[in-house]
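These notes concern the structure reproduced below.
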Amino acid sequence: MVMSPKELTAFRMEPKIMDAMRRLKDRDGIPFSVQVDRALRAFLDAKGIGVDTSKAHRRATKATTRRRKA
């Protein structure tokens, strides 16, 4: 099985928010992780911090963070 190139994280949420997200999943079939991803992207965009998800950006970021061998 191929895993997506995403970082695993854990955080706490209020029970009322979790319940609302479960209801949305039941009603529309949107997975929890997708709901959180969409909400965080909208929040960051509203704050003027866009999230560049283009392949070129990922390649450039990966290349600049790669450690050089001694």
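The values are calculated or read from the model by the stated rules, or taken from the named source; none is laboratory data. Bear in mind the structure is a predicted one, so any value in this text is a computation, not a measurement. Cβ atoms come from the backbone with ideal geometry, glycine included; neighbour counts cover every protein chain shown.
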Review point. What single numbered condition from (1) surrounded by 11 or more Cβ atoms within 10 Å (Cβ to Cβ); (2) at pLDDT below 90 fails to hold for LEU24?
Key: (2)
Practice item. Kindly check whether there is at least one residue in segment 35-49 that is modelled with pLDDT of 65 or more, polar (S, T, N, Q) and loosely packed, with under 11 Cβ neighbours inside 10 Å. Key: no
